[in-house]
1. Report every pair of residues separated by at least 6 positions or lying on different chains whose Cβ atoms are under 7 Å apart, first residue within the range 1-25 and modelled with pLDDT under 85, second among the hydrophobic types (A, V, I, L, M, F, W, C) and surrounded by 10 or more Cβ atoms within 10 Å (Cβ to Cβ).
2. For ILE265, state whether it is surrounded by 15 or more Cβ atoms within 10 Å (Cβ to Cβ) and aliphatic (A, V, I, L, M).
3. With respect to SER182, determine if the residue is without any contact (Cβ under 8 Å) to a residue 40 or more places away in the chain and part of a loop (DSSP other than H, G, I, E, B).
4. Within the range 43-68, which residues are among the aliphatic types (A, V, I, L, M), open to solvent by less than 20 Å² (accessible area, probe 1.4 Å) and at pLDDT 90 or above?
5. Please determine whether any residue of the range 243-262 is among the basic types (Lys, Arg) and over 20 Å from SER88 (Cα atoms).
6. Looking at LYS167, LYS193, which one is under 26 Å from GLY38 (Cα atoms), of a type outside the set (A, V, I, L, M) and open to solvent by 10 Å² or more (accessible area, probe 1.4 Å)?
Amino acid sequence: QPVDTTYSTKGSLINGDHTYTLTRTTKEGAEKQDPDCGFNLLANSYTAPIDITKLDTSNFVNADACIVLYNTGTFGDWNENKGSTGQSPGQLTVIPVEAAKAISEEQGLPTTIPSMQAFFVMAKEGGGTFTVDYETAVLGATNTGNQMRAPEAQDEFNVLKITIEGKNTRDRLYLLENEETSEAYDNGYGAHKIFDAPRGHQMYATCEYGYASINCSESFVGQTIGLKGDNEGEKLTISFDTDRLENYNSLFLYDKLTGEYINIIAGETYTFFGIKGANDNRFSIVTNPIDKNQTPPFVVIGDE
């Protein structure tokens, strides 16, 4: 707005548990629900942050156990990115509540909803709710500060952060490894990738349930990774954060297009040039650069 303005509001601040009612709308005459429906815009009305790591799947009824935060930017940033997921200004960060316990703030995933901050929760169907437990998620957050690493109960998670950077954009993919999770979508552990026409390239995990910005599975090995972009010939660099990666003597990212192997454990980076379009089967993760059979021969992704 062009001039400073002061807003005054009268009312009572929330200082107890609060349940948000969620809605989901079906387009008139549509046989299936619009995949973009179900986004409920909520707000943290407490004068303290909500600690996402103190939430669990029981706080969500008929809803994805994820908090979706907006990366601060201008209206132009938002209009250009149109609500896609990523790390650039104007994009959305999807935070599964169980994965947040394993991925630290230092690895680039927010774990708190600031006071008065707006956020999204996705309703799976009508009649959904999202509940905040005041004593645990709000007072607990103000007493302990931001959670900087996973608690003891979550130390069994292996975390691999993959970052892809172009000229003006950056995107991140988080892979989590835990024997108790499945190849299907585990609510609270996985986050769907939200696409639109990006200014650069977006990276995502290709899974049985579709595409993910955060994926939790039994093993990194054999994980297929896709790449989508609009800028033909853009110089791209992939790097890895392995601070929470244990029990691997060797791990490689295999580029099926170029035949290159990038040593993840050694902290190698990979620079290459982007191709316009989407390739859901571009990369895979293997433990031995000689054995290409560790990668799936093909991946089938259903579209409705």
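The values are calculated or read from the model by the stated rules, or taken from the named source; none is laboratory data. What you are looking at is a predicted structure, and each value in this text was computed from that prediction instead of being measured. Positions of Cβ are backbone-derived with ideal geometry, glycine not excepted, and every protein chain shown enters the neighbour counts. Protein only, heavy atoms only, side chains kept; ligands, DNA and RNA dropped before computing areas. Shrake-Rupley method; radii C 1.70, N 1.55, O 1.52, S 1.80 Å.
1. So the pair list comes out as THR25/CYS37.
2. Judged against the criteria, ILE265 is not a match.
3. Criteria met by SER182.
4. Result: ILE50, ILE52, LEU55, ALA63, ALA65, ILE67, VAL68.
5. Of the residues in the range 243-262, the ones among the basic types (Lys, Arg) are 244, 256.
Now restrict to residues that are over 20 Å from SER88 (Cα atoms): 244, 256.
Yes, the range 243-262 contains a residue that is among the basic types (Lys, Arg) and over 20 Å from SER88 (Cα atoms).
6. Criteria check complete, one pass: LYS193.
Listed here are the residues, each with its yes/no results for (1) under 16 Å from LEU245 (Cα atoms); (2) at pLDDT below 90; (3) not acidic (Asp, Glu).
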residue	(1), (2), (3)
SER115	no, yes, yes
GLY128	no, no, yes
GLU135	no, yes, no
LEU139	no, yes, yes
GLY145	no, yes, yes
GLU156	yes, yes, no
LYS161	yes, no, yes
ASN168	no, yes, yes
LEU173	yes, no, yes
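Results for (1) of a type in the set (Gly, Ala, Ser); (2) touching a Cys at 6+ places or on another chain (Cβ under 9 Å); (3) within 24 Å of PHE240 (Cβ to Cβ), shown as yes or no for each residue.
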{"residue": "ASP51", "(1), (2), (3)": "no, no, no"}
{"residue": "ASP56", "(1), (2), (3)": "no, no, no"}
{"residue": "THR72", "(1), (2), (3)": "no, no, no"}
{"residue": "TRP78", "(1), (2), (3)": "no, no, no"}
{"residue": "SER88", "(1), (2), (3)": "yes, no, yes"}
{"residue": "VAL97", "(1), (2), (3)": "no, yes, no"}
{"residue": "LYS101", "(1), (2), (3)": "no, no, yes"}
{"residue": "GLU105", "(1), (2), (3)": "no, no, yes"}
